[in-house]
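Below: the structure, in structure tokens.
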Amino acid sequence: MSVTECKMVDLPKVSNAQGNLTFIEGKNHVPFDIQRVYYLYDVPGGAIRGGHAHKNLHQMIIAMSGSFDITLDDGRNKKKFHLNRSYSGLYICPMIWRELDNFSSGSVCMVLASSIYREEDYHRNYSEFMRALEG
Ligand code: TYD
């Protein structure tokens, strides 16, 4: 797995004078089956979230409101994204270490995930993650 597989995906956007509308039709727009949706909000200024990798989970992250940065790391290369559009999502494949920071006030980070929550799917220790990549 490589950070080059992690990409910004444009979602449909219907705009008119009354505002914008974006929709997500499962596999038409997201490259995995969505089994869970969760969101981060009320994140205090200066907070850092993430700090882990997933063994099998695929995710798409969308800045529903406000903005934040996501740094991805596949053990060899790092790539940083600034998310600030409700109509684009960052696809993250399994085995990518991620950190989220620089949350703007009032930002909402929505995550679409390919599985329900399973703690055993996490690498929460960076050297353990690196060993798993080498393994
Ligand atoms: P974690 O994934 O570490 O959050 P982040 O990556 O945003 O820093 O999860 C934080 C806590 O929330 C952890 O105790 C597990 C719990 N949690 C759930 O119970 N269900 C979920 O779907 C998620 C994502 C987390």
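The values are calculated or read from the model by the stated rules, or taken from the named source; none is laboratory data. Please read all numbers here as calculations on a predicted model, not as lab measurements. Side chains are part of the model used for accessible areas, which takes the heavy atoms of the whole protein and leaves out ligands, DNA and RNA. Shrake-Rupley method; radii C 1.70, N 1.55, O 1.52, S 1.80 Å.
Points to keep in mind about this one:
- Heavy-atom accessible surface of the chain, averaged per residue, reaches 57 Å², computed with a 1.4 Å probe.
- Segment A132-D69, extension gain: residue separation times 0.36 nm, minus the distance between their alpha carbons: 20.1 nm
- Within the accessible area of the chain (1.4 Å probe), percent carbon and sulfur: 47 percent
- Extension gain for L21 to N56 (0.36 nm times residue separation, less C-alpha to C-alpha distance): 9.5 nm.
- In plain terms, the chain from D42 to S2 could stretch by 11.3 nm, reckoned as 0.36 nm per residue minus the Cα-Cα distance.
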